[in-house]
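Enquirer: Can you keep this structure in mind? I'll have questions shortly.
The values are calculated or read from the model by the stated rules, or taken from the named source; none is laboratory data. Predicted model, so just to flag it, every value in this text is computed and none were measured. For neighbour counting, all protein chains shown are included, and Cβ atoms are generated from backbone atoms with ideal geometry for every residue, glycine included. Ligands, DNA and RNA are excluded from the accessible area calculation, which covers all protein heavy atoms including side chains. Shrake-Rupley method; radii C 1.70, N 1.55, O 1.52, S 1.80 Å.
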Amino acid sequence: MRLPDPHRSRVVLIGASRYSDPALPDLPVVGKTVTDLAELLTEPYYGLVPDSHCTMLLDDGDLRTVGDRLRSAVAEAEDLLLVYYAGHGLVAGRRHTLYLALPDSRWEAPEFNSLEYDKLRDAVLDSPAETKVVVLDCCFSGRAVGDALGGEAGRIDQLEVTGTYVLTSAQRDQVALALPEEEHTAFSGRLIRLLREGVVGGPELLTIDDLYRRLSAIMAAEGLPTPLNRGAGTASSLALGINRAFATTAGPELRRRHVDAVEQGKAGDWAGAAEQLRKTVDEQTRILGAEHEDTLRGRQSHAHSLGGAGSPVEAAGLLRQLLADQLRLLGPDHEDTLRTRQFLAVNLGEAGHREEAVGMLRVLLADRGRVLGPEHPHTLRTRHLLARNLASTGAREEALALLREVVAVRERVLGADHPHTRRAREDMAGVSGVREVR
């Protein structure tokens, strides 16, 4: 099971919410349904394709334009092709051919002004895409005759496309397309909810088959028409999205693994911690998203562990990238952003760039004092690190002055025997050349 390649995939969303024929009532909810679905399918992390690979044809009554844009997207798709339609479904002719209504379609003669499903089917067949998914959310709006989407075995056969998964919203005619007080069509609204919220207890990735089974259960429980499906080949196993509910259950476990790895590093096994954190970050990125705060913290700990393992240059490079993301996503005063700045300065110093580290720590000390207060433990830690780096550059007097401040505050706030207080006294003794006797 895998997600489609977004750069080799295409999505086409067709919807008709307004109709010129009085016999075809307008369907206002179709507009929001199509636009919300487009937003979901083009989300940077959870979506299927970038904006440029999603063709939305909403209330476009020109059959030629619809056909041209459809064929263009169909020809470009190499991995996944997803074609979706919402609107009125019409049937005509002796064969009860299915037509997908457009704004200028006519109830009595859809053959000349509607998108014939067979033509859509042929266009999809011509696509080089490895997997093709067709989703039809349409009905006969209470006046239709025939049963092109009927429940008899084999009636959905006319919709089947070789190598394609076809999903339809209903099995019978006279189906209400939307329920009162709902902002989407009944079928697509529940599909949108599944994509937005996920399936509790479901797999990490949701296939079209997963969505079909869940939709069928939901709609049957609500007394709504149950969908039909038909799959061919491996189309049913391609994932159409990440299960967002899976992330809520996986998140705590990934946080536990993060904490365990950090403790492993503190115990002295920095190399082992770095490897465990690398694996954790990979999973956080895949499950929670690259911009989730847990993922950002995982990247921070991973980079810091690399520094502890003896690779400060690599650590500093990763921390610079992380800092740019945190400034954009969290802001300059967020504690995680401030901590990354400190870790970056530490690793720059360890890599031999003491002057740059000192400059960064001076600015960070002012910012932490402003945000947290001058006696906050994090502010004191920054002052301590600044003193150590200053001592390494030969600025011993300034380093001693800072260390005296750190010792005085820590003795008052933490106590004389606290490990942080003792470490500051030891560093002060080392800088001054006077051995501490206690």
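Enquirer: Return the percentage of antiparallel bridges among DSSP beta bridges fully within the chain, rounded to the nearest 5 %.
Expert: Taking every DSSP beta bridge with both residues in the chain, the antiparallel ones total about 30 percent.
Enquirer: Let me ask another. Which lysines, on any chain, are close to K266 with Cα under 19 Å apart, when same-chain ones fewer than 8 places away are left out?
Expert: K279
Enquirer: To the nearest 0.05, how large is the calculated FRET efficiency for S52 and R328 if R₀ is 22 Å and r is the Cβ-Cβ distance?
Expert: 0.50
Enquirer: Further, regarding this structure: For segment 1-125, with every protein chain kept in place, what is the accessible area per residue (1.4 Å probe, Å²)? It would help to have the intermediate numbers written out before the result.
Expert: Working: 5500 Å² over 125 residues.
With all protein chains present, segment 1-125 gives 44 Å² per residue.
Enquirer: Relative to the first principal axis of the alpha-carbon coordinates of the chain, what is the inclination of helix 63-76, with its axis defined by its Cα atoms, in degrees from 0 to 90 and to the nearest 10?
Expert: Between helix and principal axis, roughly 50 degrees.
Enquirer: If I stretch the segment between T248 and R213 completely, what's the gain in nm (0.36 nm per residue apart, minus their alpha carbon distance), one decimal?
Expert: 10.5 nm
Enquirer: Hey, can you grab everything whose amide H is under 5 Å from the amide H of L240? Only 5+ residues off in sequence or another chain; H modelled, so Pro and N-termini drop out.
Expert: L206, T207, I208
Enquirer: Largest first, please: the extent of the C-alpha atoms of the chain along each principal axis, to the nearest Å.
Expert: Taking max minus min along each principal axis of the Cα atoms, the chain gives 103, 40, 34 Å.
Enquirer: Can you give the charge dipole size of the chain about its Cα centre, rounded to the nearest 20 debye, using +1 on the beta carbon of Lys and Arg and -1 on the beta carbon of Asp and Glu?
Expert: Numbers: 53 positive and 64 negative charges, 363 e Å.
Dipole about the Cα centre, nearest 20: 1740 debye.
Enquirer: Let me make sure I get this right: for segment 362-438, a, b and c are the square roots of the gyration tensor eigenvalues over alpha carbons, sorted descending. Under 1.5 in a/c it's rounded, otherwise prolate if a/b > b/c, else oblate. Which is it?
Expert: oblate
Enquirer: Residue by residue, what Karplus-based ³J(HN,Hα) values in Hz, rounded to whole numbers, does segment 114-119 have, using 6.51, -1.76 and 1.60 with θ = phi - 60° and x for Gly and Pro?
Expert: Coupling constants for segment 114-119: 10, 8, 5, 4, 4, 6 Hz.
Enquirer: I would also like to ask the following. Can you list the HN-Hα couplings for segment 195-201, worked out from phi with the Karplus curve (6.51, -1.76, 1.60; θ = phi - 60°), rounded to whole Hz and with x for Gly and Pro?
Expert: Working through the residues one at a time gives 5, 6, 9, x, 10, 4, x Hz.
Enquirer: Rounded, prolate or oblate: which fits segment 266-337, taking a ≥ b ≥ c as square roots of the Cα gyration tensor eigenvalues, rounded meaning a/c under 1.5, else prolate when a/b beats b/c?
Expert: Oblate is the answer for segment 266-337, as a/c is 1.5 or above yet b/c matches or exceeds a/b.
Enquirer: Could I ask something else about it? Can you bin segment 268-402 into rounded, prolate or oblate? Criterion: square roots of the alpha carbon gyration tensor eigenvalues sorted a ≥ b ≥ c, rounded for a/c under 1.5, prolate for a/b above b/c, oblate for the rest.
Expert: oblate
Enquirer: Quote the FRET efficiency, to the nearest 0.05, computed for D417 versus V313 with a Förster distance R0 of 30 Å and r equal to the Cβ-Cβ distance.
Expert: Computed FRET efficiency for D417 and V313 comes out at 0.20.
Enquirer: Right, something else. Per-residue HN-Hα couplings for segment 2-13, Karplus 6.51 cos²θ - 1.76 cosθ + 1.60 at θ = phi - 60°, whole Hz, x for Gly and Pro?
Expert: Residue by residue, segment 2-13 yields 8, 8, x, 6, x, 7, 10, 10, 9, 10, 10, 10 Hz.
Enquirer: As I understand it, the dipole of the chain uses +1 on the Cβ of Lys and Arg and -1 on the Cβ of Asp and Glu, about the Cα centre. Which of V166, T131, L48 lies farthest toward its positive end?
Expert: It is L48.
Enquirer: Please report the carbon-and-sulfur percent of the accessible area for the chain; probe 1.4 Å, protein heavy atoms only, DNA, RNA and ligands left out.
Expert: 50 percent
Enquirer: Still on this structure, I have one more. Rounded to the nearest 500, what is the 222 nm mean residue ellipticity of the chain from helices alone, with -39500 (n - 2.57) per DSSP H run of 4+ residues and division by all residues?
Expert: -16500 deg cm²/dmol
Enquirer: Taking a cut-off of 18 Å between Cα atoms, list the lysines near K132, but don't count ones fewer than 8 places away on the same chain.
Expert: K119
Enquirer: Around V133, which amide H atoms from residues at least 5 apart in sequence, or from another chain, sit under 5 Å from its own amide H, with H modelled in the peptide plane?
Expert: Under 5 Å from the amide H of V133 lie the amide H atoms of L81, L82, V83, Y165, each far enough along the sequence or on another chain.
Enquirer: Something else about it: Taking 0.36 nm per residue of separation and subtracting the Cα-Cα distance, what length does fully extending A271 through A290 add? Before the final figure, lay out each step's value.
Expert: On the way: separation 19, 0.36 × 19 = 6.84 nm, distance 2.35 nm.
Length gained, A271 through A290: 4.5 nm.
Enquirer: Something else now. Would you mind telling me which residue in P28, P103, P180 has the biggest mean-square fluctuation in a Gaussian network model of the chain, where springs connect alpha carbons within a distance under 10 angstrom?
Expert: P180
Enquirer: What's the extension gain from D62 to R362 if we count 0.36 nm per residue and subtract their Cα-Cα distance?
Expert: 101.5 nm
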